[in-house]
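Trainee: First the structure, which I've put down as structure tokens, then a few questions once you've had a look.
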Amino acid sequence: MTELGDSEDIFEDIPSNWRVTDNGKSRQTQTDQIKQVVVATQTNVPCSIAVQTEDHSGELKDDGISTSMSAFLIKVAPMVEQQLKKNLSSHAFDDYTVSWEDDRDTIVKLHALQHDWVSDVGREKKEADDTSRTKVCSDVSWNANGTVVAAAYGRTDHLGWCSHRAGLAMWNIMKRQVGRNNQADVVIETPCCLMCVQFHPELPTLVCGGLFNGEIRVWDTSLCDDSDAEPMIMSSSIDDYYHREPISQVAWVKDIHTRSYQIVSTSGDGKVLFWSMENKLAHPVIGVTLAPTASYHGHGVSKNRYAVMGGTSLSFSNLDFSNFVVGTEGGGLLRCVAAAKLAKQRNGNVKSGEFKWTAAAFKLVEACEKAHRFDVKRTIESFAKLKNLALIEAEHVFAARPDAHKLFPNASKFSFEAHQGPVYAVAASPFHRNIFLSASSDSTIRVFNILKPKPLMYLEPTASYLFDVCWSPSRPLVFAAADSEGKIHVFDLKENMLAPVIVVSVAENAPVTALAFNGKDPSLLANVDGLGRLHIWQLGPRLSSLQQNEKAVLDQMGSTTT
């Protein structure tokens, strides 16, 4: 057995297969220069501020105020607080706006519009068209939005049958190029002269017009965009119980019972008729006659030999629908009772005698004067027996042919001091139920209190005929009048109670036939003239913005006491 023993140390170097010698190199790189900037920032600085709060103790602190001053303040404080509470409920400054613009009485023409009727029918028919087409504007009206103005084309200088080609032209004044190429935005033709026009007070597309032949028509202008649709949605007939002469004026009036709008019309035939859209103008729902009264006979001082007086104008107050004023051909001014007050409001059928009546039919009979009511009712019942009617309706009343003067009662029991010529316009104040204006061919404008027969004021701005007068919708004492010499007279009774503050010459050798203020923008005034033109004017801020104490002056004029 071999023994183990010590031996000499033997060393061997074994090279590594993965470890190699590090070869290091030195390199330099360049970076953007680092800039250091010192910026100051702003922070909120706290500070101490004194505020005043209510002293619930009810005692004034002694801040150097004298004893007498403290006693005075304690004494007057309740009175001042009471007056401040009163001011909160005061209406003294209602509708008053401060105007920082130029305060002068100014009027500026914005638009001069005219429709070229010849281009509608073709140039080859120009000669024939010139002889039949009327170029006279008879009336003007703004729609409920105040964006569209309508002009009626019709003539009054002819008698008998009317064959003139006339119509209704409308412009949207909000368009950038309104009235371009002498063309209206909407044109509706009528078979004869269109004598008057009035937009619906709330529905901007509905417009009513009265024709020379006695018809009343209602158009829906929204249907004009459809070439296949007929814009005329309803029309009245021509009959002894309706109108047979040119319509002088139409108006939209709220029924005091139903609160729906009715159409009221007057004509030279001496009738004032109330129409409902519910029956498509098939017949009037009620009517009154302009008969001579004990205080006014119609023409001259002797009793009128005619049974009726022709109506030329009418006006309802928007503050009182129970009464209205009518102007006549002979210069008379009559205060009339609204149709709704002539008969009771009934619902359902009414049993009277051996017949049943609808509420509308019985209302016509009930509105008759007591002296004629039996005759009218007997005539209608005889017709019902002949036709074996179980129920008498409103159309049966007219089909029975009772006496028209008995069917329609006398409208008026009160008359005002008459003009010396036809009354072409009456206008109720939009700010007071008792005040109205009248304009006549006798060259005078008269301011009336509806409770007094004598005028409150006589104004004679010109020696020519006056064709129209209308109140400003924003200024209680401002109104405008149109004359036959082509001028517009603007009155401001707060500044001058004798003469107009502005007179504008519109047309030479042609009358200004009608005026209308814009209900939405009171500074806009439209007029039409005898040359077929429509002008739009803008009144300055002083004539269109409510002035201080203006309503108080009007209230004094409309007072029931002398």
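Trainee: Is it true that some residue in region 193-205 is farther than 27 Å from Ser317 by Cβ and either crowded, with 19+ Cβ neighbours inside 10 Å or without any contact (Cβ under 8 Å) to a residue 12 or more places away in the chain (or both)?
Mentor: Yes, region 193-205 contains a residue that is farther than 27 Å from Ser317 by Cβ and either crowded, with 19+ Cβ neighbours inside 10 Å or without any contact (Cβ under 8 Å) to a residue 12 or more places away in the chain (or both).
Trainee: For the structure I just gave you, tell me whether Asn172 is surrounded by fewer than 23 Cβ atoms within 10 Å (Cβ to Cβ), at pLDDT 90 or above and over 28 Å from Gly287 (Cβ atoms).
Mentor: The answer is yes for Asn172.
Trainee: Would you confirm whether any residue within region 286-296 is at pLDDT 90 or above and open to solvent by 20 Å² or more (accessible area, probe 1.4 Å)?
Mentor: no
Trainee: If you take just the strands (runs of 3 or more DSSP E) that sit entirely in region 226-274, which of them hold at least 2 residues that are touching a residue at least 12 places away in the same chain (Cβ under 8 Å) and open to solvent by less than 20 Å² (accessible area, probe 1.4 Å)?
Mentor: So the answer is 247-254, 261-267.
Trainee: With respect to the numbered conditions (1) open to solvent by 30 Å² or more (accessible area, probe 1.4 Å); (2) in a loop (DSSP other than H, G, I, E, B), which one is the sole condition not fulfilled by Gln556?
Mentor: Of everything listed in (1) open to solvent by 30 Å² or more (accessible area, probe 1.4 Å); (2) in a loop (DSSP other than H, G, I, E, B), Gln556 misses just condition (2).
Trainee: Also: Enumerate the strands (runs of 3 or more DSSP E) found wholly within region 67-164, keeping only those where 1 or more residues are of a type outside the set (Val, Ile, Thr) and either modelled with pLDDT under 85 or open to solvent by 50 Å² or more (accessible area, probe 1.4 Å) (or both).
Mentor: By residue number, 107-114.
Trainee: I'm checking my understanding of the structure. Among residues of region 519-539 that are among the charged types (D, E, K, R) and part of a loop (DSSP other than H, G, I, E, B), which one is most open to solvent (accessible area, probe 1.4 Å)?
Mentor: This residue is Lys520.
Trainee: If we scan region 317-329, do we find a residue that is free of Cβ contacts under 8 Å to residues at least 40 places away in the same chain, part of a loop (DSSP other than H, G, I, E, B), open to solvent by 10 Å² or more (accessible area, probe 1.4 Å) and under 30 Å from Ile450 (Cβ atoms)?
Mentor: no
Trainee: Is region 540-553 home to any residue that is in contact (Cβ under 8 Å) with a residue 60 or more places away in the chain, surrounded by fewer than 17 Cβ atoms within 10 Å (Cβ to Cβ) and of a type in the set (A, V, I, L, M, F, W, C)?
Mentor: Checking region 540-553: at least one residue is in contact (Cβ under 8 Å) with a residue 60 or more places away in the chain, surrounded by fewer than 17 Cβ atoms within 10 Å (Cβ to Cβ) and of a type in the set (A, V, I, L, M, F, W, C).
Trainee: State whether the residues of region 502-518 include one that is surrounded by fewer than 24 Cβ atoms within 10 Å (Cβ to Cβ), closer than 18 Å to Gln114 by Cβ, free of Cβ contacts under 8 Å to residues at least 40 places away in the same chain and charged (D, E, K, R).
Mentor: Yes, region 502-518 contains a residue that is surrounded by fewer than 24 Cβ atoms within 10 Å (Cβ to Cβ), closer than 18 Å to Gln114 by Cβ, free of Cβ contacts under 8 Å to residues at least 40 places away in the same chain and charged (D, E, K, R).
The values are calculated or read from the model by the stated rules, or taken from the named source; none is laboratory data. Please read all numbers here as calculations on a predicted model, not as lab measurements. We place every Cβ from the backbone using ideal geometry, glycine too, and count neighbours over all the protein chains shown. Keep in mind that these areas ignore ligands, DNA and RNA; they rest on the heavy atoms of the full protein, side chains included. Shrake-Rupley method; radii C 1.70, N 1.55, O 1.52, S 1.80 Å.
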